[in-house]
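The next block holds one structure in the form of structure tokens; read it before the comments.
Please treat every number below as a calculation from the coordinates, not as lab data. Because the structure is predicted, anything quoted here is derived from the model rather than measured. All Cβ positions, even for glycine, are placed from backbone atoms using ideal geometry, and neighbour counts span all protein chains on display.
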Amino acid sequence: MIGLKRQLVRKTQYKHKGDTIEREEATTVVDEALAEIGSNGGLTKQTMITQVTDSLYKQLIRAYEERMPTEEGPHSLDEIRGQAFKRFEKLGFPTVKHEDWKYTNVQPLISQNYLLDTSTSQAEVAIGKAAIPNLDTYRVVLVDGIFNAELSSGIDVPGLHILPIQEAFDQLSFAKYFAEYADKTDNPFVALNTALFKSGVFITVTKNSVLEKPIHIIHVASATEPLFTQTRNLYVIEANAEAELIESFITEDNAANNLNSLVSEIVVHENAKLHHYYLQLAGKQSSYINHTEIYQKKYSLYNNYNCSFPGSAFVRNNINVRLDDSQVESHLYGVTLTAGNQFVDNHTVVDHLKPHCESYEWYKNITQDTSTAVFNGKIFVRLDAQKTNAFQQNNNMLIGEKSAIYTKPQLEIFADDVKCSHGCTIGQFDNQALFYLRSRGISEAQARVLLVHAFAFDVTNRFANATVRKYVEHLVEQGLENG
Amino acid sequence: MLSIKKLHAEVEGKEILKGLDLEINAGEVHAIMGPNGSGKSTLGNVLAGRESYEVTEGEVLLDGRDLLELSPEDRAREGVFLAFQYPVEIPGVSNINFLKTAINEIREYKGLPPVEARDFLNMVKEKQKLVEFEAKLANRSLNEGFSGGEKKRNEIFQLAMLQPKLAILDETDSGLDIDALRIVARGVNQLRSKDNAFIVITHYQRLLEYIVPDFVHVLYNGRIVRSGTKELALELEEKGYDWIKETAGAENAI
């Protein structure tokens, strides 16, 4: 049965490679073939799945064809979108046959029906779920990807420019960076996002500005009918500027299922510093396919702290850092705590292109119940990147007896004078430690919390912001109790 | 205070304790000696509730309460404390946070409110002084990077903080040099009172020069084969464990 299903999927995939008309003809043929199998072998259900998958694809094509050419802004945006859409048509949705998507089956997600517009977004949403105690921030709220001025606050400060991305098309700096980085990867969701994104934000931290407070972007999923959002962000941190950026993902309790594709391109200019936090707190109905592409210039620092907690059914993060100048430093930290039947996949690329750079990556996964976590970290040290210092570590703790972890640390070195290391461990609770704590009067549940904190400690103690760190530790505790 | 009757226990299907009897009253210090493999550490672990040790027969009462049916944490809350032979290093769990959690859980069990931060820190200072444990504890992980001696002293410090009824010292002297041994013993002596009791498990008589026991028991082949006062320890030191093996063997033969 399974073998057959895969075969069907691949067939559909193959059809995606043709242009639209040919493809539709071909699809008819496949559908007939399926109907035959259906009558012979009772596979009607799978036939339906394939057809529905097809309909999202069709829907997207229709959406692309029907969209109005961008009114304001340079004509080149239409060109970029057009090329991106062609790329997407060529690539199609990924299947588990693709190495980068081996454990990450998007078919169940894309075989559902979604609205592509935000007509059922809620006007009033609660953002309390994203509140970080004792932290004063510049708040930016996106409801189903759309900038909400009423809920946003305190963002009118010197050195910080925040614009809904659809109002940024005519800005020079937007044109200079947009689609220059993420679109060079072969992620089909990036191509699709470039072609069809509707909203997002364009943030600039101007030259020499050191922001007093962190920028807190709250992504709220609210639509009461199933929704597929495509959000696009561009963050530019100009020379010598310093900023902290926290992005929280939450879901309104009464929201319907939603699939969110978020692509963020980040440029960190010379001697600039950006601390970037992802806090994945969304509800079960929400699924995410996120892509973050970071481009760094000389003497710059970029730190990413990527935290996922029980909730969202499906999360895929691609985080790629390109160190395209000398004396660049990048840190990628991750804490993933999963529960229930959750699936969280973190794919990272650290690409050393120039000499004398340093990267440091440490991801920790803790899986409860029947959840699954995936880590795939790839470090490239290109021929030019002599004297590179690259470190990568991934540690995993399986709590749920039926939980699963797939990890793949990768290192590709083309230069000959570098210092690189990578490692990975998979383990369970340390029963000696558990007994030691219990023998001092600490309950088993509390002892487990302490040990998970201890496990995550290597990562959480690197958090630059102590308030966020405390908050994340609290979320870990909460995630264990509820898990 | 503690009453052990006909205690049988096994590890991985192998019987280690084979009918052990022991009565301990408040205010007493009992030393348990014996050759390697006689079951000394097993006794400590069984009393503390380590799950890999299975009690197959017998009973253990702490002030009339069945200890064996309690979880390890509830035993600790009832006042049992095991000073480990090999204290575990737990990177990422801070000493202070660990102790505070332990004290507050014990207090909650007894229906008391959580300890005030200031009172707690004063207590830490006071008890550290009492047991001469100078290691900096703030911002340090539990036992991480501690020397063997420091780990053992941290056990005595925890003992001072938790103030148990019954403390079991499992070969606390192993791996200690003579100075560290003296300090550990002085700490224990400071903590002795008419309300608490100690079981001192040791292989050598040396420790008992510093912690003077009221009773000495010799454990051999899973049972206590001889009991006496501190002079028994001296006799053992002189004659060696072979003497016990021979006499115990002879008794068994009879």
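Charged neighbours of A:N187, selected by a Cβ distance under 11 Å, balance to -1 (K, R count +1; D, E count -1). Based on Cα contacts under 8 Å between residues 6+ apart, chain A shows a relative contact order of 9 percent.
So if R0 is 51 Å, what FRET efficiency would A:D117 and A:A415 give, r being the distance between their Cβ atoms, rounded to the nearest 0.05? It comes out at approximately 0.55. Centroid-to-centroid, using Cα positions, region B:170-205 and region A:384-417 are 47 Å apart. A Förster radius of 22 Å combined with the Cβ-Cβ distance from B:L61 to B:D195 puts the calculated FRET efficiency at roughly 0.80. Here the 3J(HN,Hα) profile of region A:370-382, calculated from phi with Karplus coefficients 6.51, -1.76 and 1.60 at θ = phi - 60°, is 10, 7, 10, 10, 10, 10, 9, x, 10, 10, 9, 10, 6 Hz, Gly and Pro shown as x. A crude spin-label estimate for the pair B:T229 and A:A404, with each label 7 Å from Cα along the Cβ direction, gives 7.0 nm. Placing +1 on the Cβ of every Lys and Arg and -1 on the Cβ of every Asp and Glu, with nothing else charged, gives region B:134-201 a dipole about its Cα centre of roughly 280 debye.
Helix content alone sets the calculated 222 nm mean residue ellipticity of the protein assembly as shown: runs of n ≥ 4 DSSP H residues at -39500 (n - 2.57) each, divided across all residues, give -10000 deg cm²/dmol. Taking a Cβ cut-off of under 13 Å around A:E293, the surrounding Lys, Arg, Asp and Glu residues balance to a net charge of -3, with basic ones at +1 and acidic ones at -1.
Taking 0.36 nm per residue of separation and subtracting the Cα-Cα distance, full extension of the segment from B:R186 to B:D21 would add 56.5 nm. Close amide H pairs (under 5 Å, H built 1.01 Å from N) link B:Y53 with no residue at least 5 positions away or on another chain.
Extending 7 Å from Cα along the Cβ direction at B:E246 and again at A:N105 yields two label points whose distance is 7.4 nm. The simple spin-label model puts a point 7 Å past each Cα toward its Cβ; for B:R118 and B:Y86 those points are separated by 4.4 nm. Each part gets one Cα centre, and for region A:432-470 versus region A:146-161 those centres are 37 Å apart. Cross-link pairs exceeding 21 Å between alpha carbons, from the set A:K213/A:K297; B:K5/B:K230; A:K97/A:K354; B:K40/B:K230; A:K419/A:K470: A:K213/A:K297; B:K5/B:K230; A:K97/A:K354; A:K419/A:K470. Close amide H contacts of A:F147 (hydrogens built in the peptide plane, cut-off under 5 Å, sequence separation of 5 or more or a different chain): A:G200.
Calculated FRET efficiency, A:A466 to B:E237, Cβ-Cβ distance, R0 = 51 Å: about 0.35 to the nearest 0.05.
If you take all other residues with their beta carbon under 11 Å from the beta carbon of B:N143, and give Lys and Arg +1 and Asp and Glu -1, the sum is 0. Under 5 Å from the amide H of A:V349 lie the amide H atoms of A:I319, A:N320, A:V321, A:K378, each residue being 5 or more positions distant or on a separate chain, with H modelled from the backbone and absent for Pro and chain starts. Ranking A:P214, A:N193, A:P226 by Cα position along the charge dipole of region A:138-232, where only Lys, Arg, Asp and Glu carry charges on their C-beta atoms, puts A:P214 farthest toward the positive end.
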